[in-house]
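> Sharing a structure below in structure tokens format, with a few things to ask.
Laboratory data are not the source of any read-out in this text; all were calculated from the coordinates shown. Being a predicted model, the structure only gives us computed values, none of them experimental. Cβ placement follows ideal geometry from the backbone for every residue including glycine, while neighbour counts extend to all protein chains displayed.
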Amino acid sequence: MEDTFKNKNHTYLSWIKVIALKLLEEGNSKYLEQLNNILVEKRREKPHVVKEQNDRELHILSSVEEDILSVLYPNKEVYGLAIINTIEEVSKGKRKIGPNTLYPTLRRMESSDKGYITSRWGDERLEELVERGGARRRYYKLTDKGREALEAVWEYRDNLLGIGFNQISNLC
């Protein structure tokens, strides 16, 4: 369900909320009306845009699943702890995924229901394991289905943000 908010007779999606609230605070009713006109116009155009796009299935991914698939994209093979570290590093510490979240999510994404990733045990030698003081690593890689799911979500987001986004951002 989309996060929405209402103002008088208008309902806005949450990604527009910040812009609309700013316009309301500044008393820019003229721009608020323009915002509404842009959205109405874009909603009318939406069926044409959908017909022009390829018929990719839209996969619903959680934010954790999307982060994990993004780390593995396009063709990387990465072990669990490296996935955790990459997400934390790229987000500058703002996103942290612990092992208790990561490994069940990886198992779910590897299941026959989803099939977004495959995994294999590492072929580290015994000396390497002893030297680093750890267990054998399990490496994860995107499947074609996982790549398609991630790209479909990215395409959806691009289309969603593209609906009047340039026109709306010029109002602020």
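> Can you list residues whose amide H is under 5 Å from residue 138's amide H, if they're 5+ apart or on another chain and H is modeled 1.01 Å from N?
So residue 138 has HN proximity to 80, 122.
> Still on this structure, I have one more. Give, in nm to one decimal, the length gained when the segment between residue 156 and residue 126 is fully stretched (0.36 nm per residue of separation minus the Cα-Cα distance).
6.2 nm is the gain from fully extending residue 156 to residue 126.
> Can I ask one more? Count of lysine pairs in the range 63-155 with Cα atoms under 23 Å apart, counting only pairs 8 or more residues apart in sequence or on different chains?
8
> Could the peptides 146-157, 102-113 be put in order, highest first, of the mean number of other beta-carbon atoms found within 10 Å of their residues?
146-157, 102-113
> Treat the count of other C-beta atoms within 10 Å as a stand-in for reagent exposure and order 68, 87 from fewest to most.
87, 68
> Which semi-axis lengths, in whole Å and largest first, follow from the square roots of five times the eigenvalues of the Cα gyration tensor of the range 63-155? Walk me through the intermediate numbers first.
Working: eigenvalues 108, 54, 25 Å².
In descending order, the three semi-axes are 23, 16, 11 Å.
> Hey, another quick one. Beta carbons within 10 angstrom, averaged per residue: use that to sort the peptides 120-126, 74-80, highest first. Walk me through the intermediate numbers first.
On the way: 120-126: 10.7, 74-80: 13.6.
By packing density, highest mean first, the sequence is 74-80, 120-126.
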